[in-house]
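See structure below.
No lab work stands behind these numbers, since they all come straight from the coordinates. Computed from a prediction, not measured in an experiment: that's the story for all the values here. Cβ atoms come from the backbone with ideal geometry, glycine included; neighbour counts cover every protein chain shown.
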Amino acid sequence: MSQTSSTGPTPAVGTFTASMGDVLVSARGLQKSFGGRQILKNVDFDMSLGDITVIIGKSGSGKSTLLRALAGLTDPDAGYIYFDGKTVFDDEERTDDWYDVEAHVGMVFQTYTLWPHMDVLANLTLAPLKRLGYSKAEAKERAEQALEEVGMAHHLRSRPTQLSGGERQRVAIARALMMRPKLLLCDEITSALDPPVAAEVLEVLRRLKQEEGIAVALVTHDMAFASKAADRVVFFHDGEIAVNATPDEAFNHNDNPDLAKFLEAVRF
Ligand SMILES: Nc1ncnc2c1ncn2[C@@H]1O[C@H](COP(=O)(O)OP(=O)(O)OP(=O)(O)O)[C@@H](O)[C@H]1O
Ligand SMILES: [Mg+2]
């Protein structure tokens, strides 16, 4: 039986002070262009520990670019990112604090990025063994815990090819949890799944935010989940965050014409 996530090995990363309900990550004035086209024009927003923030918006509007900037996969051209009270991106460059907090950020993608020739245990422990100096026993213990957290404890020795799409995506979440992230970024992680399977995966996220108190940012086209499970709904339009509201405000009481048009288009 796995232990709870409050025990067992913890990666040696920088100190962390925010607690449930506190703002974990803030972006101010983020800008990013590709080939002369400005994708992020002026992005400002905050995410708090214990919240699921659902990010919606048209295809090509820059949702993935925003998540990638927060995950450190792409650098903004300008703007500021604050994490747990520290400035980690300072207008043009990463600060030294960036390297302290990057282990607190996990990301899961739409397509399964698991290695097919390795079993689940090896997929989960590859990076922690290499980068965090875990012993093999510690890495296995943490993998067991992470799999338990997503309801996949019995699949430690399975290969990705032996798993269904929903199971693979839960393993991908477990892999992102190996480092005990405070911020989990999920980019359309249920788009390739049938609705009931997608609902199960999203339920995992809901449990995680409640039990682990992490902040989750989720790009999705699943408006049912957004309206039921989100704490905040962020509508991304024309390089800016046009609406940042509760689901009830965003879906039932918003007076933003671009959001109204978007919701009309995705409803049917
Ligand atoms: N590395 C890159 N090089 C050049 N252009 C890019 C790059 N990454 C993104 N873009 C462009 O930036 C725009 C925004 O892309 P992004 O992937 O952020 O959109 P999105 O809102 O996630 O769309 P979707 O809903 O289709 O996933 C697109 O026009 C895309 O082609
Ligand atoms: Mg995208």
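Odds and ends about this structure:
- Taking a straight Cα-Cα cut-off under 17 Å and skipping sequence neighbours fewer than 8 places away in the same chain, the lysines within cross-link reach of Lys140 are Lys130.
- Order of His237, His104, His253 - criterion: other Cβ atoms within 10 Å of each residue's Cβ, fewest first: His253, His237, His104
- In plain terms, if you count all Cα to Cα distances in the chain and split them into 5 Å steps from zero, the share in each step is 1, 6, 13, 17, 19, 17, 13, 9, 4, 1, 0, 0 percent.
- Listed pairs Lys182/Lys228; Lys58/Lys261; Lys32/Lys182; Lys86/Lys182; Lys32/Lys209 exceeding 20 Å between Cα atoms: Lys182/Lys228; Lys32/Lys182; Lys32/Lys209
- The residues packed around Lys136, meaning those with a beta-carbon under 13 Å from its beta-carbon, carry a net charge of 0 if Lys and Arg are +1 and Asp and Glu are -1.
- Loop trypsin sites (Lys or Arg not before Pro), the stretch 139-213, which have at most 10 other Cβ atoms in a 10 Å radius of their Cβ (DSSP): Arg157
- Between the stretch 47-81 and the stretch 199-228, the alpha-carbon center distance in angstrom: 16
- Under the span-like rule (Cα at least 24 Å along the axis, Kyte-Doolittle mean at least -0.5), DSSP H helices of the chain: 195-212
- All other residues whose Cβ lies under 10 angstrom from that of Thr17 are scored, Lys and Arg at +1 and Asp and Glu at -1, for a net of -1.
- Relative contact order [Cα under 8 Å, 6+ residues apart], the chain, whole percent: 25
- Basic side chains Lys and Arg get +1 at the Cβ, acidic Asp and Glu get -1 at the Cβ, and with that the dipole of the stretch 91-209 about its Cα centre reaches some 600 debye.
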